[in-house]
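The structure appears right after this line, and notes come after that.
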């Protein structure tokens, strides 16, 4: 009888294993969310930098000069004066999106830190 009870976990051991699995799952979810946010932040930073470079290139150019812009995969001819305002608007929008993503990353990071403290979770690096 003792060998059968030794091979099967007791109720307390099973509950501890479930708790451990739940903590691991929650931690993995936090890490995944943070990684996704970091990827989005990187993508938006790249787009914002590209807009900044184009705007810097167009600054000294006369407004009536011909330029080309890609719109929905179609290259269209415009003037610098037509393109510059929309680029500025897009750049401002990207900055707002970036600020929002950084705030969201910080919020999730703080939430994860609070969760780790509350549950006495210590991350072991392998």
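The values are calculated or read from the model by the stated rules, or taken from the named source; none is laboratory data. Since we're looking at a predicted model, the values are computed, not measured. Every residue, glycine among them, receives a Cβ derived from its backbone with ideal geometry; neighbour counts consider all protein chains shown.
Considering only residues in the stretch 76-103 that are touching a helix residue (DSSP H, G or I) at 6+ places or on another chain (Cβ under 6 Å) and in contact (Cβ under 8 Å) with a residue 40 or more places away in the chain, the one that is surrounded by the fewest Cβ atoms within 10 Å (Cβ to Cβ) turns out to be 97. Sub-8 Å Cβ pairs linking a first residue in the stretch 113-125 that is within 14 Å of residue 34 (Cβ to Cβ) to a second residue that is surrounded by fewer than 10 Cβ atoms within 10 Å (Cβ to Cβ), at least 6 apart or interchain, are 116/122; 116/123, ordered by first then second residue.
All of 116, 19 fail the test of being surrounded by 11 or more Cβ atoms within 10 Å (Cβ to Cβ) and within 28 Å of the chain's Cα centre (by Cα), apart from 116. Residue 38 falls short of the stated requirement of being more than 23 Å from residue 123 (Cβ to Cβ) and part of a helix (DSSP H, G or I). Going by the conditions given, is residue 111 under 26 Å from the mean Cα position of the chain (by Cα), modelled with pLDDT of 95 or more and under 18 Å from residue 42 (Cα atoms)? The answer is no for residue 111. Residues in the stretch 50-75 that are loosely packed, with under 12 Cβ neighbours inside 10 Å, without any contact (Cβ under 8 Å) to a residue 12 or more places away in the chain and either in a helix (DSSP H, G or I) or out of contact with any strand residue (DSSP E or B) (no Cβ under 7 Å at 6 or more places or on another chain) (or both): 10 in all.
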